[in-house]
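The values are calculated or read from the model by the stated rules, or taken from the named source; none is laboratory data. Predicted model only: the values in this text are computed from it and were never measured. All Cβ positions, glycine included, derive from the backbone under ideal geometry; neighbour counts span all protein chains shown.
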Amino acid sequence: MRVIFVLSFIAMALIHRLRARLKSSFDSIRNEKLKQNLLQAVPFWVASLATGLIAVLYTKLFAFAEHGTTFVFHHCGPLLFVISPLCFILSWWLVKRFAPYARGSGIPQVIAAIELSTPRYKDKVGKLLSLRILVVKIVSSLVMAFGGGVIGREGPTIQIAGSVFRKINQWLPKSWPKISRRNMIMTGAAAGLAAAFNTPLGGIVFAVEELTKTHISYFKTALFSAVIIAGLTAQGLLGPYLYLGYPDIGRLSGTIFLGVALVAVMTGLLGAMMSRLMLYLFAWKGKFRFNYQHLLYLAICSWIVIGVAYFVNENMMGSGKELMTTVLFTHDKYSPWYVPLMRVAGPVLSFTSGGAGGVFAPALSAGASIGSTMAGWFRLSDANTNLLVLSGMVGFLTGVTRTPFTSAILVLEMTDRHNVIFHLMLAGMVASLVALVVDRHSFYERLKYQYMHDLLKEDPVPEPVKEQNTGLSPV
């Protein structure tokens with residue numbers, strides 16, 4: 001009996017000691033994991049803060065450039081016929097000379113960089129996302145905006161944010177816990193969109209719908225925190241603003257869903273057709289052999305934009321935000337029939353110039369003009385007209401990007417009109433379906449493949465890239 005007692009005592013002592021050691025080990029492992037998670041989070045936080053600050057500065061500079069154009073237009077309009085071609089040419093030259101992959105929107109470059117984020121292609125990703133790209137992107141787009149170009153700053157902000165996040169990741173010491181390059185770039189793009197539009201949900205949905213090929217569970221914490229920090233930084237400096245404001249959409253007609261669907265069909269088709277036209281012009285310009293051909297094309301494009309603005313309607317110039325606020329918040333609800341044509345032609349002439357500038361805001365303004373014009377055909381009430389304007393914005397952006405949920409959430413957050421979420425989602429889905437009639441692939445997907453083709457033409461293309469791009473051809 002005494003032996004059993006002694007053995008039991010020894011066993012209990014051993015178990016207690018083993019338990020203490022296991023607890024110590026678990027605490028050590030838990031503390032080590034906590035430390036590693038914290039170290040991995042810090043680069044995202046730093047990059048998000050930097051993105052928010054740069055986005056605010058870029059927003060103010062872009063608005064200053066657009067106001068400068070308006071000032072010249074109203075005080076010495078003919079002078080723009082000299083300023084505009086010079087700005088178009090300078091914007092193109094800056095990109096061509098210093099950073100060829102800074103041209104255009106920036107979103108296709110980010111998508112291409114995500115797909116190429118492997119050790120083998122790290123040098124090629126550097127041509128798509130870098131500090132040089134960041135600087136050239138900002139300067140070139142500001143010059144284009146001052147010249148009256150129909151461009152936006154939102155797409156460029158996404159490439160700028162991707163460049164910031166990638167560079168922060170590169171600066172980490174070798175002893176730092178490793179962070180996925182792909183997740184870093186995707187998170188940066190989402191943070192950039194959130195800071196540009198003040199739409200955190202839009203940034204998250206954009207990352208899921210347009211960018212990610214990885215399950216969101218692998219980087220959801222980083223994504224959410226980056227969007228929050230970048231968005232709060234922009235809000236802290238610019239104030240808790242809405243991109244557009246609070247349009248009146250009360251007392252809607254019971255049959256307005258038919259109008260929403262009709263606007264979605266029209267905008268989805270026109271958005272896809274505008275994209276195809278720009279791709280055709282890119283292919284045609286690619287055959288230019290001499291610089292004077294590019295210069296002549298740029299001059300003609302700028303003179304058309306300024307000429308239509310000067311002799312027909314000022315809304316031909318700029319990103320189109322003023323047009324959106326006018327049709328949503330004034331009694332001047334119905335746009336003339338030619339305004340949608342201008343708002344579609346403007347991005348085509350500006351985006352194909354080869355300078356930096358996005359199509360997000362111009363696409364939204366084109367959709368808004370179509371919605372207001374169609375509302376004028378039926379003499380709808382202010383509330384119903386506003387809904388068609390918002391639906392047109394969703395539909396046209398979807399026709400270009402083929403991201404119906406991102407488009408609907410963006411417009412929803414810009415206006416804080418949650419009672420029409422189903423109307424906006426219907427517009428996005430209808431526009432996405434009818435756009436397939438024009439092209440099965442989105443504008444960004446086509447351009448992404450072109451950038452990848454240009455970067456990889458000297459190297460054999462790996463099988464995954466070949467499979468992803470089946471059916472696409474370089475523009």
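Quick notes on this structure:
- THR470 being modelled with pLDDT of 90 or more and either polar (S, T, N, Q) or within 23 Å of PRO100 (Cα to Cα) (or both): no
- Some residue of segment 174-186 being over 12 Å from SER117 (Cβ atoms), free of Cβ contacts under 8 Å to residues at least 60 places away in the same chain and in contact with a Phe, Trp or Tyr (Cβ under 7 Å, 6 or more places away or on another chain): no
- Residues satisfying the criterion are absent from segment 264-278 (criterion: within 30 Å of ARG166 (Cβ to Cβ) and at pLDDT below 80).
Here's the yes/no breakdown for (1) aromatic (Phe, Trp, Tyr); (2) within 23 Å of the chain's Cα centre (by Cα); (3) outside any helix (DSSP H, G or I):
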{"site": "GLY236", "(1), (2), (3)": "no, yes, no"}
{"site": "ILE249", "(1), (2), (3)": "no, no, yes"}
{"site": "GLY254", "(1), (2), (3)": "no, no, yes"}
{"site": "MET273", "(1), (2), (3)": "no, yes, no"}
{"site": "LEU279", "(1), (2), (3)": "no, yes, no"}
{"site": "PHE282", "(1), (2), (3)": "yes, yes, no"}
{"site": "ALA299", "(1), (2), (3)": "no, no, no"}
{"site": "VAL327", "(1), (2), (3)": "no, no, no"}
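- Extreme residue, nearest to LEU61 (Cα to Cα), among residues of segment 180-204 that are β-branched (Val, Ile, Thr) and at pLDDT below 80: THR199
- Out of VAL308, VAL260, one residue alone is in the same structural domain as ALA408 (by TED's automatic domain parsing), of a type outside the set (Gly, Ala, Ser), buried (at least 18 other Cβ atoms within 10 Å of the Cβ) and in contact with a His (Cβ under 6 Å, 6 or more places away or on another chain). It is VAL260.
- Test: residue in segment 341-353 that is touching a strand residue (DSSP E or B) at 6+ places or on another chain (Cβ under 8 Å) and either modelled with pLDDT of 90 or more or under 21 Å from MET273 (Cβ atoms) (or both): yes
- Scope segment 329-339; condition more than 23 Å from PHE351 (Cβ to Cβ) and not in a helix (DSSP H, G or I); matching residues: THR330, HIS331, ASP332, LYS333, TYR334, PRO336, TRP337
- Flag for ALA195 being more than 30 Å from PHE71 (Cβ to Cβ) and assigned to a helix (DSSP H, G or I): no
- Residue among ILE204, ILE151 that alone is within 20 Å of MET324 (Cβ to Cβ) and either in the same structural domain as SER407 (by TED's automatic domain parsing) or within 15 Å of the chain's Cα centre (by Cα) (or both): ILE151
- Residue that is exposed (fewer than 14 other Cβ atoms within 10 Å of the Cβ) and touching a residue at least 40 places away in the same chain (Cβ under 8 Å), where the choices are ALA272, ALA283: ALA283
- Which numbered condition LYS124 fails, given (1) out of contact with any Lys or Arg (no Cβ under 9 Å at 6 or more places or on another chain); (2) farther than 18 Å from HIS453 by Cβ: (2)
- The residues of segment 354-370 that are within 15 Å of MET273 (Cα to Cα) and outside any helix (DSSP H, G or I) amount to a single one, VAL359.
- Enumeration of residues in segment 354-370 that are among the β-branched types (Val, Ile, Thr) and out of contact with any strand residue (DSSP E or B) (no Cβ under 9 Å at 6 or more places or on another chain): ILE370
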